[in-house]
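Following: one structure in structure tokens, then a few remarks.
The numbers here are math on the coordinates, done by the rules we state, and not lab data. Since we're looking at a predicted model, the values are computed, not measured.
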């Protein structure tokens, strides 16, 4: 039977005085929940692709912007892993029922793991794209130059150059200190749900060996690590998006 494409609904979730913007394609569960990356938003190519796929196949899909991201309230520079983790849990608790498959890109991969550890009974699968787990300690801290450390000590913020933002990403002392609270490597990581990881060898932001460390630290046995030799950090080419939707279908249909 041919599925009927379903419209996407947009609304807001009130959380501790800040509104989180979210969009939903209603359909059959488990719910696919999109978790974007650092300074990203829910209108990126991968999220749009999953929304279109869910609409075409009658599946439930939810995406949202964290505090200080996209269309949600808040000052980005006040955001922390603690705050964004709480956003994910609020969305799971208030906007979904039954089980969910979390689809986390970059920082969203870390937040997805943290949510799975906090709500193991709710998470039936994880699909992680270039997962930047522990990025504050393992990826950012080692690259801090003397000038960066001086800026953090003096101003509480350092502008990290980024190919995705001409003015650089704001890295705050608050973010770095808070991130240490949520380290999950070297493991073991008590996630038993099926996990699929998409990682590019040519990723300049998250080294593929970092993502492999995560895969090896997971306690569950149903873990697939897909290494794309010419893939970059975004993994948004047509062939990458095909891999993304194939893994999404595998996880929700296997629930």
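Some observations on this one:
- Isotropically averaged projected area of the range 163-225, using the convex hull of Cα atoms (one quarter of hull area), nm²: 5.5 nm²
- Percent of alpha-carbon pairs separated by more than 13 Å within the range 54-101: 62 percent
- Computed from the Cα positions only, the extents of the range 190-255 along the three principal axes stand at 29, 25, 14 Å, in decreasing order.
- Relative contact order of the chain, defined on C-alpha pairs under 8 angstrom at six or more residues apart (%): 17 percent
- Taking every DSSP bridge with both residues inside the chain, close to 40 percent are antiparallel.
- The range 147-255: antiparallel DSSP beta bridges as a percent of all, rounded to 5: 40 percent
- Counting all C-alpha pairs of the range 127-255, share separated by more than 19 Å (%): 57 percent
- A Gaussian network model of the chain, with springs between Cα atoms under 10 Å, assigns the largest mean-square fluctuation among 202, 55, 153 to 153.
- The range 218-254 and the range 95-136: distance between their alpha carbon centers, rounded to Å: 14 Å
- When Rg and the Kirkwood radius Rh are both evaluated on Cα atoms of the range 27-161, their ratio Rg/Rh stands at 1.02.
- For the residues 207, 166, 30, a GNM of the chain with alpha-carbon springs under 10 Å puts the largest fluctuation on 166.
- Centroid-to-centroid separation of the range 15-51 and the range 140-210 [C-alpha atoms, Å]: 22 Å
- Percentage relative contact order, the range 28-149, counting C-alpha pairs under 8 Å, at least six apart: 27 percent
- Most mobile of 192, 121, 77 in a GNM of the chain (Cα contacts under 10 Å): 121
- Estimated 222 nm signal from helices in the chain, with DSSP H stretches of n ≥ 4 weighted -39500 (n - 2.57), rounded to 500: -10000 deg cm²/dmol
- The range 1-94: equivalent-ellipsoid semi-axes (sqrt of 5 x gyration tensor eigenvalues, Cα, Å): 25, 13, 10
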